[in-house]
Amino acid sequence: QVQLVESGGGLVQAGGSLRLSCAASASIFSIKTMGWYRQAPGKQRDLIALITSGGSTNYADSVKGRFTISRDNAKNTMYLQMSSLKPDDTAVYYCNAYPPISTYWGQGTQVTVST
């Protein structure tokens, strides 16, 4: 059974940094394009970054230049380095395949950015 486990969230002041991790089972990680998504209170879940199995990346305009997605295939782990955080980045962050697969959603990790 495929599992994705997000970690690394927390409370940070505006302008600070966090690194999120997504631990995935090998069967999905070696094949799929993976993505980071986030869902702010009262809003829909949005894709913010993706990375292909070959390492190509793409970002939503809202995070471009501040967030960096990466993956370590040997460790079956994907990362999201977040810097220059803003209060608008407050959300629950999730990883999933791209396009997302409903059964792959994990619990997410909460990121809260204070002013």
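Structure values in brief
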item: Largest-first ellipsoid semi-axes for region 14-115, taking √(5λ) over the Cα gyration tensor eigenvalues, angstrom; result: 22, 15, 12
item: Within the accessible area of the chain (1.4 Å probe), percent carbon and sulfur; result: 47 percent
item: Förster radius 35 Å - calculated FRET efficiency between Ser25 and Lys86 (Cβ-Cβ, nearest 0.05); result: 0.60
item: Solvent-accessible area of Asp46 with every protein chain in place, 1.4 Å probe, in Å² to the nearest 10; result: 70 Å²
item: Dipole magnitude of the chain about its Cα centre (Cβ charges: Lys, Arg +1; Asp, Glu -1), debye to nearest 20; result: 80 debye
item: Solvent-accessible area per residue, Å², over region 23-115 with all protein chains present [probe radius 1.4 Å]; result: 51 Å²
item: Projected label distance in nm at Ser53 and Ser70, using a 7 Å step from Cα toward the beta-carbon; result: 2.2 nm
item: Percentage relative contact order, region 1-90, counting C-alpha pairs under 8 Å, at least six apart; result: 32 percent
item: Considering only the chain, percent of DSSP beta bridges that pair antiparallel, nearest 5; result: 90 percent
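The values are calculated or read from the model by the stated rules, or taken from the named source; none is laboratory data. Everything numeric in this text was worked out from a predicted model, so none of it was measured. Reconstructed Cβ throughout: ideal geometry from the backbone, glycine too, with neighbour counts over all protein chains shown. Surface accessibility is based on the protein's heavy atoms, side chains included, excluding ligands, DNA and RNA. Shrake-Rupley method; radii C 1.70, N 1.55, O 1.52, S 1.80 Å.
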